[in-house]
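The values are calculated or read from the model by the stated rules, or taken from the named source; none is laboratory data. Nothing here was measured: the structure is a model prediction, and the numbers come from that model. Glycine also receives a Cβ, built like all others from the backbone with ideal geometry; neighbour counts cover every protein chain displayed.
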Amino acid sequence: MGQHGQSRSCLPVLAEHEMPVEEALAAAKQSLEETAADEATPRQLWIVRGVDAATGVPFVRGPWRDYSKVTLDTGFPPPTAAAHTLDGVRRAIETALPATGPARREAVARELDAFLNRMRKGDIVLSTDGFETYVGVVDGPAVHGAERLERPVDWRNLNKPLDFLKDLPSGLSSVVQDADSQVLEATETVLALIGDMPRTASLPTGPAVLPDATSELAEALLMPDTTWLQDCVELLRATPQLIFHGPPGTGKTYTALALARHLAGASSATNVRLVQFHPAYSYEDFFEGIRPRPGGGPDGDAGSGLAYDLVRGPLRKLADEAERRPAEVFVLVVDEINRGHLAKIFGELYFLLEYRNERVHLLYGSDDGRVSVSRPTCTSSAP
């Protein structure tokens, strides 16, 4: 593991005893508070996954552990020039993966941007091998390889990994189990567990304000002026949903994403989501639903059966974040909206698209008997 100075004591090495997760997270918070005085932004927590395609063995069991690092395999040479922003990464992804669909390209771009630009020295990393969860601290910038990026990580509990079924609170363990991406930011989940991490300024309280369309946006979309785009902004200010309709291949999704990112501004990397409807898509996929996981026994034994968790979908996640951060703009872009069964997908939320100031009870009761309000800004596209 090498030698570690006092400035890298975010988490104590768990060599002699197993540390409860609450203590580990509290230690992380204390270290963040100690190092935040000279930093402009708070530390973040990331879940990073990687598996050897040939053997199926998690990298944290091998090279990540042996060489004190994490890697991100891209399948193509990672961009080095003009990739210091999310838009730069997107352009590089479009060049490298021209045949890949827009939703997948966006997911790859967000992962690459997170690993390359947003992850910083001192951030906390979680990685799993089965039920074993390892905690480390990012120790340097990204290094480019032939088809991957690497970051040095100081692993802190290699001898005593946490068990995410037994040791991690459900709010964090459910995020660890979410295998949709190689790199996933989990900072907000940890804030709910250990309290706010240090910030240099208080968060604004809102309400969010949609910015006007700009000539730069019109130029990027090859439009003669901002008239049509400004009309879209005004419509969204009046009714926070908008449908783009037209023949296939006319740029509806591209325009919707460009407008969404403009509206979200500097927070577009986290505040804009893209989903695609299809005939099998349901309320449980879109908003929230019950999902099984191993470990239904009293001791969380994976071989003893199944347990069932209420898992949030993209709209619920976005709505929850919008409630937490009312001064920011959040946009959900729905591609191929006409292919979905809208009543099946929206459920009781369909009511709120028309009666925006009313309240409804959620289907799965995740509001604990309280009424819920839903007013997402939703930009949709359909052929």
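Details
- Candidate set from segment 328-345 (those that are part of a loop (DSSP other than H, G, I, E, B) and not acidic (Asp, Glu)); member that is surrounded by the most Cβ atoms within 10 Å (Cβ to Cβ): Phe330
- So Asp52, is it at pLDDT below 85, out of contact with any strand residue (DSSP E or B) (no Cβ under 6 Å at 6 or more places or on another chain) and acidic (Asp, Glu): yes
- Of all residues assigned to segment 67-76, at least one qualifies as being buried (at least 21 other Cβ atoms within 10 Å of the Cβ) and among the aliphatic types (A, V, I, L, M).
- Glu358 touching a strand residue (DSSP E or B) at 6+ places or on another chain (Cβ under 6 Å), loosely packed, with under 15 Cβ neighbours inside 10 Å and modelled with pLDDT of 70 or more: no
- When segment 274-308 is filtered for residues that are modelled with pLDDT of 80 or more and among the acidic types (Asp, Glu), the ones remaining, listed by number, are Glu284, Asp285, Glu288.
- Out of Ala258, Ala280, Ala264, Ala238, one residue alone is farther than 22 Å from Phe346 by Cβ, of a type in the set (A, V, I, L, M, F, W, C) and out of contact with any strand residue (DSSP E or B) (no Cβ under 7 Å at 6 or more places or on another chain). It is Ala258.
- Cβ-Cβ under 6 Å pairs, at least 6 apart or on other chains, segment 239-264 side of a type in the set (Lys, Arg), far side part of a loop (DSSP other than H, G, I, E, B): Lys252/Gly246
- The residues on offer are Ala114, Ala103, and the sole one that is surrounded by 18 or more Cβ atoms within 10 Å (Cβ to Cβ) and either in the same structural domain as Arg49 (by TED's automatic domain parsing) or at pLDDT below 85 (or both) is Ala114.
- Check on Gly313, modelled with pLDDT of 80 or more and not aromatic (Phe, Trp, Tyr): yes
- In segment 318-346, the residues that are within 14 Å of Thr270 (Cα to Cα) form Cβ pairs under 9 Å with partners that are aromatic (Phe, Trp, Tyr) and surrounded by 14 or more Cβ atoms within 10 Å (Cβ to Cβ), at six or more places apart or across chains, as follows: Leu318/Phe330; Ala319/Phe287; Ala319/Phe330; Glu321/Phe330; Ala322/Phe330.
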